[in-house]
1. How many residues does the range 225-257 contain that are exposed (fewer than 12 other Cβ atoms within 10 Å of the Cβ) and in contact (Cβ under 8 Å) with a residue 24 or more places away in the chain?
2. Just to check your reading of the model, which residue among E66, E112, E116 is of a type outside the set (A, V, I, L, M), more than 30 Å from S216 (Cα to Cα) and at pLDDT 70 or above?
3. Quick check on T166: is it modelled with pLDDT of 95 or more, polar (S, T, N, Q) and farther than 17 Å from L94 by Cβ?
4. Of all residues in the range 128-166, which are under 28 Å from V237 (Cβ atoms) and in a loop (DSSP other than H, G, I, E, B)?
5. Which condition number does G133 fail, the rest of (1) small (G, A, S); (2) modelled with pLDDT of 95 or more; (3) closer than 19 Å to R99 by Cα being met?
6. Among the listed residues M151, M134, M93, identify the single one that is touching a Gly at 6+ places or on another chain (Cβ under 9 Å), among the aliphatic types (A, V, I, L, M) and either buried (at least 17 other Cβ atoms within 10 Å of the Cβ) or farther than 21 Å from G204 by Cβ (or both).
7. Regarding D275, is this residue touching a strand residue (DSSP E or B) at 6+ places or on another chain (Cβ under 7 Å), charged (D, E, K, R), farther than 30 Å from M93 by Cβ and surrounded by 14 or more Cβ atoms within 10 Å (Cβ to Cβ)?
8. Which residues, taken from the range 263-272, are open to solvent by less than 30 Å² (accessible area, probe 1.4 Å) and over 20 Å from V130 (Cα atoms)?
Amino acid sequence: MKTTKIMRRFDFYHLFKHVQKNIKTVTAFAALPLTMFAWVCYSLPDACAQDRSQWTPAQIMQYIEEQKTKATAANNTSSASTKTSKAAPAPFMLEPSGRPWVLRFAPSTRIEDLKEPFKGNLQRFYAAMVQAGMRIVITTTYRPEERSYLMHYSTQIVRNKEAPATVPPWRGVNIDWVHRDHSGSKADLAKAKSAAREMVLGYGIGSTPVSKPGHSAHNFSQAIDMMISGFAGKTIVDAKGKSREVKSFIDLKSVGATYGVLWYGPEDSVHWSADGN
């Protein structure tokens with residue numbers, strides 16, 4: 001009997017039960033898509049790779065079982081491939097040091113990004129200076145540890161206090177201090193020192209001391225770098241409400257101390273903090 005005649009006698013439900021009965025391992029949920037596949041192959045033979053209009057029911061079941069086996073094998077291969085890719089991630093690429101790093105991990109220049117009580121003390125000192133007619137340019141308040149890391153070690157290399165090859169890594173900073181070649185085996189010391197010098201110039205460090213990452217008050221939002229001008233001959237009100245004439249920077253430093261804003265010293269003349277460090 002031709003399969004087409006069998007299909008005329010089968011509605012979709014009967015074909016579904018026929019699939020379940022002939023493939024013992026198929027559940028009701030699995031039988032449904034297999035039944036739909038068989039139905040399409042016989043209802044629309046042009047959609048399939050072969051003309052299956054002459055197949056017997058036994059051949060239908062054999063074909064469906066073969067497709068099921070292939071699908072299971074494909075899923076297993078896909079799963080194995082996924083596990084392999086997770087187990088062997090792409091190698092971590094390092095970027096050579098140099099001027100482009102100066103723009104990374106930018107600091108804040110906002111007093112609002114500092115933490116109390118230093119923030120409130122500085123806001124009052126700042127307002128008093130503005131009221132007195134002084135000019136203030138803030139260059140840094142909060143500084144990320146990553147930026148401190150880049151600033152500190154580029155400076156150490158330039159000052160010959162650290163070799164590029166001995167700079168420790170820092171989380172989140174994929175920098176290559178030694179400028180390795182494509183094979184990763186050979187370093188270029190001349191390029192490494194030149195690149196570090198570019199970074200120091202870009203940061204504007206000069207002879208200023210630079211703390212290690214995690215050791216700067218900037219990392220904890222407890223310091224500010226600000227350039228103050230136009231203070232000579234001005235009168236400013238200190239934290240106790242007393243008017244004081246500013247004849248020199250020493251007078252301004254004294255007023256800042258009344259607000260709890262302490263000057264670091266001539267080694268870093270723009271640096272003020274909660275404890276002077």
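1. The total comes to 3.
2. Matching residue, one of E66, E112, E116: E66.
3. no
4. To start, the set of residues in the range 128-166 that are under 28 Å from V237 (Cβ atoms) comprises 128-142.
Scanning the range 128-166 gives A132, G133, M134, T141, Y142.
5. So G133 meets the others, but not (3).
6. Working: M151 fails: touching a Gly at 6+ places or on another chain (Cβ under 9 Å); M93 fails: touching a Gly at 6+ places or on another chain (Cβ under 9 Å).
The match here is M134.
7. Working: touching a strand residue (DSSP E or B) at 6+ places or on another chain (Cβ under 7 Å): yes; charged (D, E, K, R): yes; farther than 30 Å from M93 by Cβ: yes; surrounded by 14 or more Cβ atoms within 10 Å (Cβ to Cβ): no.
It is false that D275 is touching a strand residue (DSSP E or B) at 6+ places or on another chain (Cβ under 7 Å), charged (D, E, K, R), farther than 30 Å from M93 by Cβ and surrounded by 14 or more Cβ atoms within 10 Å (Cβ to Cβ).
8. G265, D268
The values are calculated or read from the model by the stated rules, or taken from the named source; none is laboratory data. Remember, predicted model here, so these are calculated numbers, not experimental data. Please note: Cβ atoms are built from the backbone with ideal geometry, for glycine as well, and neighbour counts cover all protein chains shown. Please note that ligands, DNA and RNA were not included when accessible areas were found on the heavy atoms of the full protein model with its side chains. Shrake-Rupley method; radii C 1.70, N 1.55, O 1.52, S 1.80 Å.
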